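Written below as structure tokens is the structure these notes are about.
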Amino acid sequence: MAVVAALFAGMEASLITLAKTPEPDGHAPLRFAQPAYQNTVLGLAYVALALNVGCILSALKCIDVLGRMTYWNALKGTVPDPDWSLSGETGLMGSFGVKGRTRLLMGHCFYCLFFGSLCVLAQIIMYVWLHEAMPVVWATLIGVLIAAIPMLLMVW
């Protein structure tokens, strides 16, 4: 997840740079009919950038926890308590040296990536809707909806 989030963050940073850097004739490379449209697309870009950076940090922490868990198990030879099922996954993971916050980190990582991806898809739809002909808009909309199917299935 960290790699995907890093790619999304780089893409969003490039979009922000492209929208903010004026060309020699004074206009931005991404032209918008009204400043409100540009502000909306840039707002989504900043939100997606922040969410993807959060996903990167959570994913790196989860990787650290997984590495610590295998190290702890190799060092100690941990055997879970026989009644671990009564305390749930927290009790099982606790016997391997992992704290209960790991599940929170994994959820944070997933939802940051999920909502950051939705922001990216919304930017694509908005930009194409404002700048392309209707056949291109409908083709892009169908492509985005097909691309969003796995994301929607992950949530439900």
Worksheet item: In this structure, does Gly43 turn out to be within 21 Å of Trp129 (Cα to Cα) and either modelled with pLDDT under 75 or under 19 Å from the mean Cα position of the chain (by Cα) (or both)?
Response: yes
Fill in: Members of the stretch 15-40 that are hydroxyl-bearing (Ser, Thr, Tyr), at pLDDT below 85 and either assigned to a helix (DSSP H, G or I) or closer than 10 Å to Tyr127 by Cβ (or both)
Thr17, Tyr37
Worksheet entry | Residue tally, condition hydrophobic (A, V, I, L, M, F, W, C), closer than 28 Å to Met1 by Cα and in contact (Cβ under 8 Å) with a residue 24 or more places away in the chain, over the stretch 116-148 | 8
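The values are calculated or read from the model by the stated rules, or taken from the named source; none is laboratory data. These numbers come from a predicted model, not from an experiment. Backbone-built Cβ (ideal geometry, glycine too); neighbour counts: all protein chains shown.
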